[in-house]
Amino acid sequence: MTNIISPPIPSSSVLISTPSRRILPRLRTSAASASSTSAAAIIVGGGLAGLAAAAHLQSANLPFVLLESSDGVGGRVRTDTVDGFLLDRGFQILLTAYPEARRLLNFPSLDLRPFYPGALVFHSGRLHRVADPFRRPLDALSSLLNPIGSPTDKLLVGIHRLRAAVTPLSAPTILSSVPETSISHHLRALGFSPTIINRFFRPFLAGIFFDSDLSTTSRLFDFVFQCLAAGDNVLPARGIGAIPDQLASILPPSSIRLNSKVVSVIAGESPAVVIVGGEVVSADLGVIVAVDQPEAERLLPHYMNGSSRKPPRSTVCLYFAADRAAVREPVLMLNGSGVGIVNNMCFPTSVAPSYGPASRPALVSVSLVGDGDGRSDENLAAQVVRELAGWFGPEEVGSWRLLRTYRIRFAQPEQTPPTELTGKEARVADRVYVCGDHWSSATFDGALVSGRRAAEALIRRNYCVRAAQHVIFSVASCRATRCMRVPHSALPTNGEVFLRRLLLCLAGYR
């Protein structure tokens, strides 16, 4: 039996004030006319999860077609070029200790550039340093008495940093740990004071999870904290979009179709998808839906169980061109004052000079939590400049020129307790699978893990069916040639059907 799901066509979750096309020329684009094509497997969505699924299908020698609705791969992880600057679509960093990223990505070819292991926190009219006590012990010692936290707080940071460094990094263990609570409650339970929570942890973690209330699950905090202890936070020299570009580069050129928006998914024994314009693409093995959470719920309303009852996490990222960087260190800066709309900022060109042209070398990245409350780009930019004039001085920010504003309505899924970050089954319907950071943890690593799991589920089903077919064929052949060692009467009625059902049940596919 087949089920056809035909949702309305949504608008993009990322609003860009000055759109620019960034097309990978090696990839095909969709034909506009209605037609019918087929593939062994279909992947809907070319973000990190979809590309990871494609990479694993490729290694298993299973042919597929990946359908991406936009003009390039990456989903939310993309980079635009504007006036010679590399602008990531929202401030994003890669943690080099992410286990799945280490297995799947080629880090050396990404030319990764690290941030300073710590941060500068704006409070009481100036910037104060917070440093990793193991990588920058002198900096940590010199900041012991600054107002970002008490000496006891900083001692606790060192203790938990040491514990994270000596504990083996196991994502499944951390992401399923109990008891589970909110980050805010977890930090208080660890003994941290309201001072360091509000002045450091709140803006720092809000820049990662887009959650100023720190209501996100403590499991994600523990995982990210341990990854920060075990590795660096970095930017690829060619922009964050170099990550999906690298994954796409290992796939067959004809396997990715851009500008191919899927409007409905057909589940059942003959799975297929329908693309804008009416083209139907059928799949012999199954369909992997690798889109963000709102789009997945539109495509699969009967199977997602309304998983986004709470609003997703949103962010606004503004980029400015400047004549120089007010801070030349490759360091993240946090707003610990509790006042204003700026949450965090940095100068990406101080981390990776390749983010800017030689003629105007400084790029400014400023991140806000939330969707901007309906305010215009110009209004937000003006307030950002006013606030940062208090950080660096009016003469420093007076020449900044707004390059682009990104409003990412769906930056991350909402992951407050209780969560299920490791145990969700990829298979949601007959020959239909789901993956994405909403189906795992809201991190780059979670998207990559989820893509792998969806591919593995599809591969297992394929191998199971092939094994069942082989047994059925062998039984039938033996009966036909009278070479079976057991009498025909010893087989159950409809023996072939019995064997097929037995094998499928053993594999978990009834």
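The values are calculated or read from the model by the stated rules, or taken from the named source; none is laboratory data. Note that this is a predicted model, so its numbers are computed, not measured. A quick note on method: Cβ atoms are made from the backbone with ideal geometry, for glycine too, and the neighbour counts reach across all protein chains shown. To get the accessible areas, we keep the full protein, side chains included, count just its heavy atoms, and leave off ligands, DNA and RNA. Shrake-Rupley method; radii C 1.70, N 1.55, O 1.52, S 1.80 Å.
Do we have any residue at all in the stretch 382-391 that's crowded, with 23+ Cβ neighbours inside 10 Å and in contact (Cβ under 8 Å) with a residue 24 or more places away in the chain?
Step one: list which residues in the stretch 382-391 are crowded, with 23+ Cβ neighbours inside 10 Å, which gives 384, 388.
Next cut, in contact (Cβ under 8 Å) with a residue 24 or more places away in the chain only: 384, 388.
Within the stretch 382-391, one or more residues are crowded, with 23+ Cβ neighbours inside 10 Å and in contact (Cβ under 8 Å) with a residue 24 or more places away in the chain.
Taken over the stretch 82-114, the residue count meeting the criterion of being open to solvent by less than 40 Å² (accessible area, probe 1.4 Å) and either charged (D, E, K, R) or closer than 19 Å to R202 by Cβ (or both) is 4.
Taking the criterion of being part of a helix (DSSP H, G or I) and either modelled with pLDDT under 95 or open to solvent by 10 Å² or more (accessible area, probe 1.4 Å) (or both), the residues of the stretch 327-350 that qualify are T349, S350.
Out of R466, R479, one residue alone is among the basic types (K, R), farther than 30 Å from S282 by Cα, modelled with pLDDT under 95 and assigned to a helix (DSSP H, G or I). It is R479.
For the stretch 59-74, indicate whether the set of residues that are touching a residue at least 24 places away in the same chain (Cβ under 8 Å), in contact with a helix residue (DSSP H, G or I) (Cβ under 7 Å, 6 or more places away or on another chain) and within 28 Å of P361 (Cα to Cα) is non-empty. Scanning the stretch 59-74 turns up at least one residue that is touching a residue at least 24 places away in the same chain (Cβ under 8 Å), in contact with a helix residue (DSSP H, G or I) (Cβ under 7 Å, 6 or more places away or on another chain) and within 28 Å of P361 (Cα to Cα). Taken over the stretch 232-247, the criterion of being crowded, with 19+ Cβ neighbours inside 10 Å and over 15 Å from G72 (Cβ atoms) is satisfied by N233, V234, L235, P236.
Every condition in (1) in contact (Cβ under 8 Å) with a residue 60 or more places away in the chain; (2) open to solvent by less than 10 Å² (accessible area, probe 1.4 Å); (3) within 20 Å of K154 (Cα to Cα) is met by F209 except one, and the failing one is (3). Regarding A426, is this residue in contact with a helix residue (DSSP H, G or I) (Cβ under 6 Å, 6 or more places away or on another chain) and open to solvent by less than 30 Å² (accessible area, probe 1.4 Å)? So A426 fits the description; yes.
Do we find that I250 is open to solvent by 40 Å² or more (accessible area, probe 1.4 Å), at pLDDT 95 or above, more than 30 Å from V178 (Cα to Cα) and of a type outside the set (G, A, S) in this structure? Answer is yes for this residue.
Kindly indicate which of S176, S182 is surrounded by fewer than 19 Cβ atoms within 10 Å (Cβ to Cβ) and under 20 Å from the mean Cα position of the chain (by Cα). Unique residue meeting the criteria: S176.
I'm checking my understanding of the structure. Among residues of the stretch 357-373 that are assigned to a strand (DSSP E or B) and either at positive phi or among the polar types (S, T, N, Q) (or both), which one is surrounded by the fewest Cβ atoms within 10 Å (Cβ to Cβ)? Looking at the filtered set, the residue picked out is S365. Against the numbered list (1) modelled with pLDDT under 95; (2) in contact with a Gly (Cβ under 7 Å, 6 or more places away or on another chain), S307 comes up short only at (2).
Against the definition (assigned to a loop (DSSP other than H, G, I, E, B), in contact (Cβ under 8 Å) with a residue 40 or more places away in the chain and within 10 Å of the chain's Cα centre (by Cα)), how does A442 come out, yes or no? Yes.
A quick yes/no check of all residues on (1) in a loop (DSSP other than H, G, I, E, B); (2) open to solvent by 10 Å² or more (accessible area, probe 1.4 Å):
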residue	(1), (2)
E395	no, yes
L402	no, yes
R407	no, yes
E414	yes, yes
P418	yes, yes
L448	no, no
G451	no, no
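Against the list (1) in a loop (DSSP other than H, G, I, E, B); (2) more than 12 Å from A229 (Cβ to Cβ), the condition P172 fails is (1).
Would you be able to say whether some residue in the stretch 306-316 is within 30 Å of S124 (Cβ to Cβ), of a type in the set (A, V, I, L, M, F, W, C) and either in the same structural domain as G90 (by the TED database) or crowded, with 23+ Cβ neighbours inside 10 Å (or both)? I'd like the intermediate steps shown before the answer.
In the first step, residues of the stretch 306-316 are kept if they are within 30 Å of S124 (Cβ to Cβ); the result is 313-316.
Okay, now just the ones that are also of a type in the set (A, V, I, L, M, F, W, C), so 316.
Of the ones still in play, those that are also either in the same structural domain as G90 (by the TED database) or crowded, with 23+ Cβ neighbours inside 10 Å (or both) are 316.
So far as the stretch 306-316 goes, yes, one or more of its residues are within 30 Å of S124 (Cβ to Cβ), of a type in the set (A, V, I, L, M, F, W, C) and either in the same structural domain as G90 (by the TED database) or crowded, with 23+ Cβ neighbours inside 10 Å (or both).
Every test in (1) open to solvent by 40 Å² or more (accessible area, probe 1.4 Å); (2) on the phi > 0 side of the Ramachandran plot; (3) of a type outside the set (G, A, S) is passed by N379 save one, and that test is (2).
Yes/no matrix, rows are residues, columns are (1) open to solvent by 10 Å² or more (accessible area, probe 1.4 Å); (2) in a loop (DSSP other than H, G, I, E, B); (3) on the phi > 0 side of the Ramachandran plot:
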position	(1), (2), (3)
S254	yes, no, no
S260	no, yes, no
G277	yes, yes, yes
V281	no, no, no
V287	no, no, no
F320	no, no, no
A325	yes, yes, no
